[in-house]
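The values are calculated or read from the model by the stated rules, or taken from the named source; none is laboratory data. What you see is a predicted model, and the numbers here were worked out from it, not measured in a lab. Backbone-built Cβ (ideal geometry, glycine too); neighbour counts: all protein chains shown. Remember, those area values only see protein heavy atoms, side chains included, never the ligands or the DNA or RNA. Shrake-Rupley method; radii C 1.70, N 1.55, O 1.52, S 1.80 Å.
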Amino acid sequence: MLSGIQPTADSFHLGNYLGALRNWVPMQETHDTFYCVVDLHAITMGHDPALLRKRTRVSAAQLLAVGLDPERCTLFVQSHVPEHSQLAWVMNCLTGFGEASRMTQFKDKSAKQGADRTSVGLFTYPILQAADILLYQADAVPVGEDQRQHLELTRDLAQRFNTTFGPTFTVPAPYIIKDTAKITDLQEPTAKMSKSASTANGLVELLEEPSRIAKKIKSAVTDTGREILFDPVNKPGVSNLLTIYAALTGRTIEELVESYDGKGYGDLKKELAEVVVEFVKPIQERTRAYLDDPSQLDKLLAIGAEKARSVAAPTLASVYDRIGF
Ligand code: ADP
Ligand code: NA
């Protein structure tokens, strides 16, 4: 199984954690897992080198802090494994221009930026993503709805290569994770929580000052009425708080709703603020410990890259052989 995350923020947020990273931890036990900080993908929209370097390390440290264990998974940085770029080139040459042009995520992002400011890297992003997956012969890729089209392209490319040049790649299937929480913005509870949020107060980052987190949760936008009910359509604000509460404590939404019977939004926010703060504190401590020991972090990432290459290099060698290099 392969999964990647971009190092494009100073911290992961609660949406990233509850929607993705939290599920990566148990998958270490059930699958042969490859987890990748995708810095090659992170330069497709323009970037600052010092910031990228810092964010790559902070991302890796947070992944370790939330429970990825280099003994039980392969955790690495994409650019440390040159086979990603090498296979991506081969895959570029196998992808139709029209086929790549149909990727809706590219269309959305490039429309926002304008054609002259859109890089060709952004255009070929899903092809690099295909290379990421196929290098490890992944048979499962955890995907959200927004990544389905990219995974479909990966499958098409794998099949096309296999048919044209001989069986080489495992064709990956989407791995739908049950119970992933969709977290919404605290200030705009109908929009998803995102690092590109319009106001910072809607976003809860794993690494931010606990007192700030508490403040943000206490000032979350709630809904009219006073009853604490789970009703995402009519009460998106309260429902989002309940979703976060349930996900972080393992209690069910029903149980929570029952326990807040007769209480108000203020009680819910105050107690949730405490839950979130207690949750982030040890993650922050562990992240800091990894960042305070740069040589240890470098060592873990070097071991991860070595393990990744031991799988990626033979795949690339057989690709090169098949295509006549
Ligand atoms: P962002 O929207 O902040 O840019 P990304 O697109 O980088 O986040 O997403 C990284 C991972 O986190 C993806 O697997 C994505 O599905 C998940 N994710 C992001 N935001 C949320 C959210 N609000 N709720 C649940 N999962 C999310
Ligand atoms: Na494993």
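The table that follows gives values for the structure above.
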read-out: Residue among 94, 52, 68, 63 that is assigned to a loop (DSSP other than H, G, I, E, B) and under 17 Å from the mean Cα position of the chain (by Cα); value: 68
read-out: Wholly within region 179-271, helices (runs of 4 or more DSSP H) carrying at least 2 residues that are touching a strand residue (DSSP E or B) at 6+ places or on another chain (Cβ under 9 Å) and among the small types (Gly, Ala, Ser); value: 236-249
read-out: Sole exception among (1) open to solvent by less than 20 Å² (accessible area, probe 1.4 Å); (2) closer than 27 Å to residue 247 by Cβ for residue 83, by number; value: (2)
read-out: Residues that are open to solvent by 60 Å² or more (accessible area, probe 1.4 Å) and either aliphatic (A, V, I, L, M) or within 22 Å of the chain's Cα centre (by Cα) (or both), drawn from region 293-308; value: 298, 303, 307
read-out: Subset of region 18-49 (residues that are outside any helix (DSSP H, G or I) and within 11 Å of ligand 2 (Cβ to nearest atom)); value: 31, 32, 33, 34, 35
read-out: Among the candidates 172, 167, residue that is under 29 Å from residue 136 (Cα atoms), open to solvent by 50 Å² or more (accessible area, probe 1.4 Å) and at pLDDT 95 or above; value: 167
read-out: Matching entry among 258, 278 (being under 25 Å from residue 21 (Cβ atoms) and open to solvent by 60 Å² or more (accessible area, probe 1.4 Å)); value: 278
read-out: Tally, over region 176-189, of residues that are modelled with pLDDT under 95, open to solvent by 20 Å² or more (accessible area, probe 1.4 Å) and either within 12 Å of ligand 1 (Cβ to nearest atom) or over 30 Å from residue 11 (Cα atoms) (or both); value: 4
